[in-house]
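To start, the structure itself, in structure tokens.
The values are calculated or read from the model by the stated rules, or taken from the named source; none is laboratory data. Since we're looking at a predicted model, the values are computed, not measured. Using ideal geometry, Cβ is built from the backbone for each residue, glycine included, and neighbour counts are taken over all protein chains shown. All accessible areas refer to the heavy atoms of the entire protein, side chains included, with ligands and DNA or RNA removed. Shrake-Rupley method; radii C 1.70, N 1.55, O 1.52, S 1.80 Å.
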Amino acid sequence: MKNINRRDFLKLGAGAAAMAGLYGCTSGTRASGHVVVVGGGYGGATVAKYLRMWSEGQVQVTLVERNTDFVSCPISNLVIGGSKTLADITISYANLQHKWGVRVIRDEAVGIDAGARKVKLAQGGELSYDRLVLSPGIDFMWDQVPALKSAEAQQQILHAWKAGPQTVALRKQLEDMKDGGVYAITIPKAPYRCPPGPYERACLVANYFKTAKPRSKVLILDANEDVQSKKALFTKAWSDLYKDIIEYRPNSELKDVDVAGKAAVLEFDQVKADVLNVIPPQRAGQIAASTGLKLINNRWVDVNWLSMESTSTPGVHVLGDALFPAPTMPKSGHMANQHGKLAAAAILNLLAGQEPNPAPVLMNTCYSFVDSKNVIHVASVHQYDAATKTVQPVKGAGGVSAARNELEGKIAMAWAQNIWADMLT
Amino acid sequence: MKLSHIAAAFCLAGMAASAAAADPHLGRNLAATCANCHGTNGKAVPGSGMDALAGMEKEKLLQKLKDFKSGVKPATIMHQISKGYTDEQMDLIAAYYAAQK
Ligand SMILES: Cc1cc2nc3c(=O)[nH]c(=O)nc-3n(C[C@H](O)[C@H](O)[C@H](O)COP(=O)(O)OP(=O)(O)OC[C@H]3O[C@@H](n4cnc5c(N)ncnc54)[C@H](O)[C@@H]3O)c2cc1C
């Protein structure tokens, strides 16, 4: 509420947002106005669709996305493991555009003028907004892996931590690797995107080696002191299924890379690999990290959990991986989708001059494949707590799978189909 | 001077005191937390294998959730999820889904 200042109010005049602000309290009056969303991933696509759906078309939504199609990180480890293709995880924005009436602009947002409520685009355009939503995901902190600063080095030592061409390229490197080779994956210190993701990837690469290149090894170099998610279930899968293939090394923080020698440079030693997969340290995507929004640890955006609005910059809401998370909240696609719905509800309240819901709820689930069929999950439910002004995990709720199982392998694919439809269809 | 505060004051004057309880969208918002798996508005993707919730009778849905909570109904995940919501929240969710065509 505090965000509509006098100048904006007068400037908008008889504009939709101002009218809604005044009349929103009378029953039957709806929110209206223009919301710009930057980033059409798990958070951004969700908020765009839900704003259109819940406002019954009254709120105009423009989505700015630099890629032509949506490519999902969830399930991308199965592409790397060889049981799915890139086409299986690629979805067009056509339904958002034609069915839901979202204006989709293929461009890159390069700046924000929060005072004038404008977003600058790389191709020269400018968009005015009543409210702005940023869901840009993560960017990598290349200065922490100096040898990988160049674009050329980044083509050789892959992260595949944003799904797309890198996913396919890593699969190709694995296919080209000789039997008896070593695949090494480095994991940065938490927090990073998708806590169980690296361990899932290690399983699926090992699963591929088991049949196709049985003398090969998977080496996990983890900067953390222990497995970051579903530890008991992952370590059981490693010992039951991949005993002589996977080796796990904790406290192995990457300092740099020897690109030509394909070696991970650790504090005291260098580890050579045939395929080196570096997941670099991460921070909020550039557009959220470099536009004056208040950051925590100089990396993640601080938000108000009732509205997902930046605590420093009125009118700018931030979702997904770019956030400084609430206690025990993972950086996941499922959670970014939930942020999108919380933000959509709050923005519609704010545009109608109402307070956002004072008791929002978020929930999370991450399914991880330990081979091409068996899956383990982790789930949690988070309720807003007025005393701590954040969302807190509900004690006694949530948990992990009893054991890896094929039923959840099917449910994980059903999850993917339904969340993709919930965002984009 | 923040004009939005004036707007808020209008709202307070015009509305019943229980502003939060009067938000007609609490059920909608809560039900949306289930939609990642059960589909937007409870309409699961046909053939995906996930149960649709749209149009399920309110009492029936509440009974299923109760049975998940108590452990009577076997589950891979719903026993863990259902414990995260209060009875009032479940009531709102069930009413919302029952009203979906
Ligand atoms: C291998 C892997 C497996 C994973 N598995 C799971 C899983 O099983 N379950 C799960 O819940 N999560 C999983 N995740 C995590 C999930 O992918 C992320 O948490 C999720 O994508 C975060 O959503 P987001 O909206 O913050 O960012 P994204 O989904 O990354 O979306 C950001 C979008 O913004 C665009 N963009 C960024 N900046 C700009 C700009 N300036 N202008 C225009 N466009 C811009 C990008 O192109 C991108 O499309 C996995 C991640 C990885 C890497």
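Tabulated data for the structure shown
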read-out	value
Accessible area buried between chains A and B, both sides summed, probe 1.4 Å, in Å² to nearest 100	3400
Solvent-accessible area of A:GLU126 with every protein chain in place, 1.4 Å probe, in Å² to the nearest 10	110
Area of A:SER252 that stays accessible when all protein chains are in place (1.4 Å probe, Å², to 10)	10
Shielding of B:35-47 by partner chains, average beta-carbon count, 10 Å	6
Å² of accessible area per residue within the protein assembly as shown, as computed with a 1.4 Å probe and no ligands counted	41
Net charge contributed by nearby residues that have their C-beta within less than 13 Å of A:THR68 (K/R +1, D/E -1)	-2
Cβ-based net charge around A:VAL394, under 11 Å, with every Lys or Arg adding one and every Asp or Glu removing one	+1
Mean residue ellipticity (222 nm) of chain A, computed from DSSP H runs ≥ 4 via -39,500 (n - 2.57), nearest 500	-9000 deg cm²/dmol
For A:369-379, mean number of other protein chain Cβ atoms within 10 Å	1
Sparsely packed trypsin sites (Lys or Arg not before Pro) within region A:79-110, loop by DSSP, other Cβ within 10 Å at most 14	A:LYS99
Set of lysines near A:LYS210 by C-alpha distance (under 18 Å), chain-local residues within fewer than 8 positions excluded	A:LYS84, A:LYS172, A:LYS178, A:LYS236, A:LYS243, A:LYS373
Residues along region A:329-367 losing 40 Å² or more of accessible surface when the other protein chains are present rather than the chain by itself (probe 1.4 Å)	A:ASN357, A:VAL361, A:MET363
Candidate lysines - alpha carbon under 25 Å from A:LYS99, same-chain residues fewer than 8 apart omitted	A:LYS49, A:LYS341, B:LYS43, B:LYS101
Average other protein chain Cβ within 10 Å of Cβ, residues A:217-223	0
Anchor B:LYS69: lysines whose Cα lies under 20 Å away (excluding residues fewer than 8 positions away in-chain)	A:LYS395, B:LYS58, B:LYS60, B:LYS83
Theoretical FRET efficiency, 1/(1+(r/R0)^6), r = Cβ-Cβ of A:THR211 and A:ALA232, R0 30 Å, to 0.05	0.70
Exposure of A:ARG66 as accessible area (Å², to 10), given a probe of 1.4 Å and all protein chains	120
Environment charge of A:ALA223, counting only residues whose C-beta is closer than 14 Å and scoring Lys/Arg +1, Asp/Glu -1	-3
Solvent exposure, largest accessible area first (probe 1.4 Å, DNA, RNA and ligands not counted), of A:GLU408, A:GLU108	A:GLU108, A:GLU408
GluC sites (Glu not before Pro) within region A:215-303, DSSP loop, no more than 10 other Cβ atoms inside 10 Å	A:GLU225, A:GLU267
Rounded percent of accessible protein surface that carbon and sulfur make up, region A:179-294, 1.4 Å probe	49
Pairwise centroid distance, computed over Cα atoms, of region A:215-281 with region A:356-407, Å	26
